[in-house]
Structures are given as structure tokens and as C-alpha cells.
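To start, the structure itself, in C-alpha cells.
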Amino acid sequence: TACLAVCLWLRVNRTAVMAGILLVLAAAYALAFPPGQTPDEQNHFLRAYEVATGGLISRHMEPDGVGGNVLPAALKRFHDPAAVIDDADSETMRYGNTALYSPVSYLPQALGIRAALLFTHRTQTVFYAGRAANALIGVVLCALALQMIPFGKELLFLVLTFPVTGQEIGSMSPDGFTIAVSALFIALALRLAYTDAPIKRGFIALCVLGAVVSQCKIVYIVLLLLVLLIPNARFGGKKQAWLCKGGLLAGAAVLNLAWLAVSAGYLVEFNPGVSSMEQAKYVLTHIPSYALVCLRTAYSNLVVWIECSIAQNMGPLTVPVQRLVPLGFYTLTLYALLNTSCGARRLDLRAGLVLGGTFLLGAALILVGFLLARKD
């Protein structure tokens, strides 16, 4: 924050400063954590390597159908600098929790791995190449989002500098790419809604980003509702507007459902006694009861959720963070939120409903995800 304040005082372009800070943070996180020391990183590496070598969809491994594939045995020794990838020495590997992810989620890591394999087969070098590509592409997308967003630049920057965000961008996790693409989609949607930026090229780019978001975690697809913020007049009329907006939403929904149909085959029971399908059926048939459960859960866990979304436990969720860190970020974020103005085009009732509905629907989907994995 102090660095940003000094650079702004010296009249340095603030977006460039923010991008530089994000790059430094991403590099620091990528180098600070030893290989495998972020949540599920080994399985993310295996899935990213699978995608990089052409395995877009994982195989069902016997006897229970868990997602996985036959991959070089050296991939499990990515923490060993001497390990070398040898396709002739392969073994069956199971990574059911990451086989669920669409290959689109691993594009940055896969590109980095593929590029590294052209020059070396040392496992650790290939691993770090995947991390580096994820960090670099994530930072570039975040920088574009900061450049495009018409207001709330400081607020977006703070969210992107949360320790948890930086850790994910600097790791093998697809969450970093998901966050970066989502930030860019939000920024572009707001730019088209609250500025006079060219609508044709902007909307085409928005459709592409929407397609990518639809292949990431399911809860992020609600962000596509922000397209409803764009005034109909910008499309030349109400009919054209709804054709464009409806086409984007429908296309993204079809892509999302298509991958869900594939990934459902890997949805085995991770916790004994837990049936995800039965849990989902309960939610759909007991909506009022489930809504009450959500309210009680939010009331009991709100403070913990806020701390976790900023930074509570880092690395493999075993490195505690001083409580002053999330408190400081929360204070700065609240201050930035209260001082954000959208300029001449103020938020109207429709915009408030879209933003509020997007938030509530996203929160509901997250809570559904919690329930699907719980036994009690």
C-alpha cells in the first residue's frame, strides 16, 4: 500500500503500478512455497500435465471409477530436483477431485508445461514452468481488468492482492486463472455498461470470456448475469439487446451443462456415507428448509468466511496468518467500497437488483457445494 501511495504521489500510471505489484506478489508466492505446498497441488499438477499432453478428459480408474490416468511415475516426485520424466516408466494415478475440472481451467499451466517439455524432462523444472505460466497469464488478465474497469479500480486491486488470491495465482491451482478471468469479465461488463466504449468488439470479447468462465467452477457462472447491466440502447434496440444478452447466457449455460454432464461421471463419494446426489435432491425438494439452514450457517460462520477469503491459513492450510492481516485488508476493502463512485451513470434499481441477485445466487451455489460434501 505504501509503495502504491508513493508511486501515485510521483504521478506514475497507477494501473502500471498495480500490475507491477501483482507481478511481484505472484512471483513471490510462486517461489516462496515449496512444490506441493498449496492445497491439492499434486493433483492439480497431474491434471495439468494430463491436459498438456492431450488428455482433455480423464479416464475412469478401476475399481471405483475415480478419475485419473496412466502417467509418468516421476510426476509424483516433483519435489525431487533429480527426478526425470520418462514415458516408458508410467503408473496408474488417481486424482478424482481434479479430474472434475474442465481442461480450460488448466490452459495456463498446460501451456507452461508443454513449453518446458520442449527443452527439459526434469520434473521439478516442468512443475515450476506450470506455476510460472499460471502466474504470468493470471497477472496479465488482472492487469487488463484493472485497465478496463471504469470505477472501483482500487477495490478490485485490493481483492486481487488478498494473500489467498496471490497464492492461488502463483500455484498450480486453476483457481488463480478462474479469478483472473472472472475479474476481466466483470471489468469489461462494467465498461460496456457505464462507458461509451465500442459495443461490438467489446461484446464479442465478453462472449469469449463468458465461455471460459462457464468452464470454470460452477459458482462463477452467475457472474454472467452482469451482462444485464448493459443498457439495451447500446445494442440498437430492445430486441437486438435481448438476442445478444440471451445468446451469451444461453450459450454459456449450454457449455457449462455440457461439462457438468462429463464431470458428473467422476463425482464419486469422497466421504464415506455421503451421497452428493441425495444431498442435491434434498436441496431441490426442501428449498425453504435449506434457505433457513443457509441463514443459520452464514450467521455462525460469517467472520470465519471473511477471514478465509482474505487470509487465515496459507500454504497447505497449515500456516496460520496473524489476525491483523485479514483485519487490515478488510478495513481497506471496506474503505475502498464506501468511496467507490460509478460517475455520472449512477446505479439504478435494475442495476441494484442485478448486482444483489448475482451475489445471493452465487452465495447460494457456494453453500450448496458445502452441503454436497458434508455428512451431517
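The values are calculated or read from the model by the stated rules, or taken from the named source; none is laboratory data. Because the structure is predicted, anything quoted here is derived from the model rather than measured. All Cβ positions, even for glycine, are placed from backbone atoms using ideal geometry, and neighbour counts span all protein chains on display. We work out accessible area using only protein heavy atoms, side chains counted, and drop any ligands, DNA or RNA first. Shrake-Rupley method; radii C 1.70, N 1.55, O 1.52, S 1.80 Å.
Number of Lys-Lys pairs in the chain under 20 Å by Cα, sequence gap 8 or more or different chains? Write down the numbers at each step before the final one.
Numbers: LYS200/LYS238; LYS200/LYS239; LYS200/LYS245; LYS281/LYS375.
Eligible lysine pairs with Cα atoms under 20 Å apart amount to 4.
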Charges on Cβ only, +1 for Lys and Arg, -1 for Asp and Glu, centred on the Cα centroid of the chain; of MET61, VAL283, ALA16, which one is farthest towards the dipole's positive end? ALA16
Just the projected area, averaged over all directions, of the convex hull on the alpha carbon atoms of the stretch 82-200: how many nm²? 9.7
For peptides 193-201, 67-75, 101-109, sequence by mean Cβ density within 10 Å, most packed first: 101-109, 67-75, 193-201
Set Lys and Arg Cβ to +1 and Asp and Glu Cβ to -1, take the dipole of the chain about its Cα centre, and tell me which of ALA52, PHE177, LEU349 lies farthest positive. LEU349
Relative packing of peptides 54-65, 166-177, 139-150 - highest average C-beta neighbours within 10 Å first: 166-177, 139-150, 54-65
Two-decimal log10 I(q)/I(0) for the chain, as the Debye equation yields it once each C-alpha is a single scatterer, q = 0.11, 0.13 Å⁻¹: -0.87, -1.22
Quote the FRET efficiency, to the nearest 0.05, computed for VAL24 versus ALA233 with a Förster distance R0 of 35 Å and r equal to the Cβ-Cβ distance. 0.25
Counting heavy atoms of the protein chains only and a 1.4 Å probe, report the per residue accessible area for the chain as a whole number of Å². 51
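Would you please give the FRET efficiency between HIS60 and ALA291, computed as 1/(1 + (r/R0)^6) with r the Cβ-Cβ distance and R0 = 35 Å, to the nearest 0.05? Intermediate results must be reported in sequence, preceding the final value.
Working: r = 36 Å, r/R0 = 1.02.
So, using R0 = 35 Å, E works out to roughly 0.45.
Working out 0.36 nm times the residue gap between ASP86 and VAL262, then minus their Cα-Cα distance, what length gain in nm do you get to one decimal?
On the way: separation 176, 0.36 × 176 = 63.36 nm, distance 2.97 nm.
Residue separation times 0.36 nm, minus the Cα-Cα distance, leaves 60.4 nm.
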Hey, if you put +1 on the Cβ of every Lys and Arg and -1 on every Asp and Glu Cβ in the chain, which of LEU332, ALA261, VAL126 ends up farthest toward the positive end of that dipole? LEU332
What accessible surface, in Å², does a 1.4 Å probe find on LYS217, ignoring ligands, DNA and RNA and rounding to the nearest 10? 80
Binned at 5 Å starting from 0, the alpha-carbon pair-distance distribution of the stretch 136-184 in whole percents comes out as 5, 24, 36, 23, 9, 2, 0
